[in-house]
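Written out below as structure tokens is the structure these notes cover.
The values are calculated or read from the model by the stated rules, or taken from the named source; none is laboratory data. Keep in mind that what you see is a predicted model, and the values were worked out from it rather than measured. A quick note on method: Cβ atoms are made from the backbone with ideal geometry, for glycine too, and the neighbour counts reach across all protein chains shown.
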Amino acid sequence: MRRPVTRAALAAAGVLAAVAATVAPAALRAQSSLGLQGFGYPAGQFSTRAQGTGGALGEFDPVSVVNPSALLEFGRTFAAFQYDPEFRRLTAGSVRQNNTVARFPIIAVGAPVRRKYMVGLSASTLLDRTFTAEFADTARFGDGTLAPGRQRVESNGSVADVRLAVATQPARWLRVGVSGHVLTGENRLVSSRRFDDTTNFRRIDDSTSLDYTGLAATLGLAATPVRGVQLAGSYRLGGTLKTSRNDSTISTGNAPDRAGIALRVDRVTGAVFALAYSHTRWSKMRDLGTSALEVHDATELSGGVEALGPRLGDFPLLLRLGARRRTLPFGVGGARVRETSFGGGLGLPLASGRAVGDVSLQRALRTPQGGAGPVADARERAYLLSVGFTVRP
Amino acid sequence: MTPLSLARRLAAVVGLAALAAGAACSEQLEGGAGCAAGLCPVTNAAVVDTTLDPVVLDTALAGVPVAGDLPVLLLATRPGADSLDVRAVVRFDSVPGSFAPPAGGDSVRITRVDSTAIRLTLDTSGTRFTGPVTIQAYDVDTAAAGDTVVDVLAALFRPDRLLGEVTLASPTVTGDTVSLRLSNDAFAAKAQARARLRIGLRLVSATSARVRLFGVGVGGVNAVSPVVRFDPATDTIFRAVLVFPASVTPGSSELARAYRAQSLPVRVPRLTDGSDLVIGGLPARRVYMRFAVPARFIDSVDLVRASLLLTQRASGAPDALDTGVTVRPLAVLATDAVTDLRRASEFASGAVGLDTLRVDPRGSGVRVFSVVNLLRAWRALPTNTPRALVLRATAEGAQAAELRFYSIEAAAELRPRLRLSYVPRTNFGLP
């Protein structure tokens, strides 16, 4: 006899999961990277399912933290989490470096309220800033002295997006959702510099913690003008975003606005096609960093398909393919960083459709646009694996 | 097709997740080579250099080391115009008048002695001579006033007071310990009269020579201190008796104890100090420097390097045997309640981790003393502790060579300076 999952239990799990996502968004370490500049790598806030379609289904996906109106897609209580390891290789001239990073980018729960509404609570990674870099370095002093040694910089943490969303369907062809976002999290940073000559040069160790607090709100819509065709759009308005250290505000900026639209076509039996476009005003974060921060607004274009595959038992496998091109928000060496990815995924219905296991794999190429010197020659290739699990009791 | 059970499907998903996690965990993390290519997500702040003229007071302090604070004794001679003659006195004011027979019974008065000798332990690191040298021992006991005054004692090194001598062929064959035979008759007379035995040591050589002996350490008599050994009778059944350094003059017992061993710089060629900062020499001097460093360099930056730059001028009386004077910087720990600088220098400590620097007294130019630990230590010292430094020779009082540096009274380019390399405390971590 199956033990029922209560809403209260799901809510508790959600709170715990949100805390976990905020405190420990990444377990492993990476180093230098094209994608890890500035305040970090934008994980995308897409579910494993949406990632399998290149993100094209993100505006329609209830687990993805993009469009709150999509919460109605499930129509019943759900809980979801996912694990996203990334394996990447950076090459810059003769430098070749393999890195690994693991993320737990989304944990979400949702439940219907008074039949007309769907409420969702989620915690997701907006910007992941986890890395470790240790390298040999020779310091040159003003009197010409050269002091070889090693430097180490390390960061752990992220800016997390804790979202409370509510969605409703005022008409058969229209779904509406709104959400409020609390942006929170921290970066725990460690820096050390030591010299081979310990007699004349003292080791320097520094550590600090940057805390983030901010607000945002999102309005999302999804319309079905004709059968089998759905349009969705969302707009996230970023509020104030602050960084603080030891309870003292050290910089104030704004959370990025994001506008996205998507088209889903479901007129071919067993297949769903989607296209999506979004624009994120990351430049609103400029005042949050130093004058050296290279931040750019970013566009994202993606397309994908989800189709029924062979049956495994009573339910069919879901097959997904997709591609995406986007600009990353933080540049390096005067160059913007473009990320192009393609990949696919599988969806495996479980427990008579009450649970779904999803897997996706993307191949991403990150290249600098502009810049000079070693940065211009840098290339970063990555495999982004995502494993998600959704329960719909 | 056989339907898959829920358990098997779950197991497949969990297994896939575990596989991914395992793959991630097993990935070999490499160094941050990309940082060298300018791709480091965070860069450490650059090191900033600045040079200050922070010395507000510098002076050479004489009268050091204080009596009793001399672990080694110097015997030195150098013939010629710049002649050098440094001797030493070791006091044995407790010569026994009787001894206990090995077989037991009442003590027996000493009437005759045999095999009397003073054992001297050489500090081979400070011993320099090329040809044979002779160490002579004199009876320098006197009832005259001023029995610690150099001139008074020097006058007692007369042939009629010679107790014995020993010739050392060369430092390489001498070893660490020298046994200098003393006159048995003279010692027996001292024992019978319960008189003081004060032995003056002098080095005789046709060429420049230097012998350094271990004296009576700050902690008291130890295994390397001079010691007189004698047999209290002329037959061989008696166990040898040892007499250790002891002094009953001058003044209080505490002061007298400090004079168990004394250096006698009888003739030392030297220039006047002038405004120079002099370290070492005989009589020895040490340098006291007080700094006024802006507080931000103490409290608000991360110091990487701090170097005290002193401009050396060649010593006017170089000793060919002294090719280096090792200077030890010390942090002054006395508060401003101690206004006597010499006394304050006695409270200076090397515990903060300042490294010594060996300097050739014949050289000139800028010498660099690493004092980064001193500046870091200042952060922890009470605010009423002067930011001060003492520079003293490690062989202070036992080395004739001296170092001379320009003081703050010299031309601007020659004055002491402080070069700081530091990292400002900025908004580390903010991209």
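See the values below:
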read-out: Condition met for B:Ala395 (under 19 Å from the mean Cα position of the chain (by Cα) and not basic (Lys, Arg)); value: yes
read-out: Those residues of the range A:93-140 which are over 18 Å from A:Tyr383 (Cα atoms), among the small types (Gly, Ala, Ser) and part of a strand (DSSP E or B), in sequence order; value: A:Ala108, A:Gly110, A:Ala111, A:Gly120, A:Ser122, A:Ala123, A:Ser124, A:Ala133, A:Ala136, A:Ala139
read-out: Scope the range A:90-135; condition surrounded by 24 or more Cβ atoms within 10 Å (Cβ to Cβ) and over 17 Å from A:Val159 (Cα atoms); matching residues; value: A:Leu90, A:Ala92, A:Gln97, A:Asn99, A:Val109, A:Gly110, A:Met118, A:Gly120, A:Ala133
read-out: Considering residues of the range B:349-381 that are polar (S, T, N, Q) and out of contact with any Gly (no Cβ under 7 Å at 6 or more places or on another chain) only, the residue nearest to the other protein chains (Cβ to nearest Cβ); value: B:Ser370
read-out: B:Thr77 in a strand (DSSP E or B), at pLDDT 75 or above, touching a helix residue (DSSP H, G or I) at 6+ places or on another chain (Cβ under 6 Å) and more than 10 Å from every other protein chain (Cβ to nearest Cβ); value: no
read-out: Lone qualifier among A:Val190, A:Val162 - being assigned to a strand (DSSP E or B) and within 14 Å of chain B (Cβ to nearest Cβ); value: A:Val190
read-out: Any hit, the range B:350-372, residues being within 22 Å of B:Ala62 (Cα to Cα), hydrophobic (A, V, I, L, M, F, W, C), at pLDDT below 90 and crowded, with 18+ Cβ neighbours inside 10 Å; value: no
read-out: Strands (runs of 3 or more DSSP E) completely within the range A:220-333 that count 2 or more residues being under 20 Å from the mean Cα position of the chain (by Cα), touching a residue at least 12 places away in the same chain (Cβ under 8 Å) and within 14 Å of chain B (Cβ to nearest Cβ); value: A:229-245, A:315-332
read-out: Positions within the range A:76-91 being more than 18 Å from A:Ala50 (Cβ to Cβ) and either assigned to a helix (DSSP H, G or I) or away from every other protein chain (no Cβ under 14 Å) (or both), in sequence order; value: A:Arg76, A:Thr77
read-out: Answer residue from the range B:250-307, given it is among the β-branched types (Val, Ile, Thr) and out of contact with any Asp or Glu (no Cβ under 7 Å at 6 or more places or on another chain) and is nearest to the other protein chains (Cβ to nearest Cβ) among those; value: B:Val304
read-out: Tabulated pairs, the range B:181-204, first over 23 Å from B:Leu74 (Cα atoms), second of a type in the set (A, V, I, L, M) and in a strand (DSSP E or B), C-beta under 6 angstrom, 6+ apart or interchain; value: B:Ser183/B:Leu163; B:Ala186/B:Leu163; B:Lys190/B:Leu197
read-out: Verdict on A:Arg103 being closer than 20 Å to A:Asn187 by Cα, within 16 Å of the chain's Cα centre (by Cα) and facing another protein chain (nearest Cβ under 8 Å); value: no
read-out: Qualifying residue in the range A:372-389 (condition: buried (at least 21 other Cβ atoms within 10 Å of the Cβ) and in a loop (DSSP other than H, G, I, E, B)); value: yes
read-out: Residue list for the range B:382-431, restricted to those being within 14 Å of another protein chain (Cβ to nearest Cβ) and not hydrophobic (A, V, I, L, M, F, W, C); value: B:Arg417, B:Arg419, B:Ser421, B:Tyr422, B:Pro424, B:Arg425, B:Thr426, B:Asn427, B:Gly429, B:Pro431
read-out: Test: residue in the range A:60-73 that is surrounded by fewer than 24 Cβ atoms within 10 Å (Cβ to Cβ), at negative phi and more than 14 Å from chain B (Cβ to nearest Cβ); value: yes
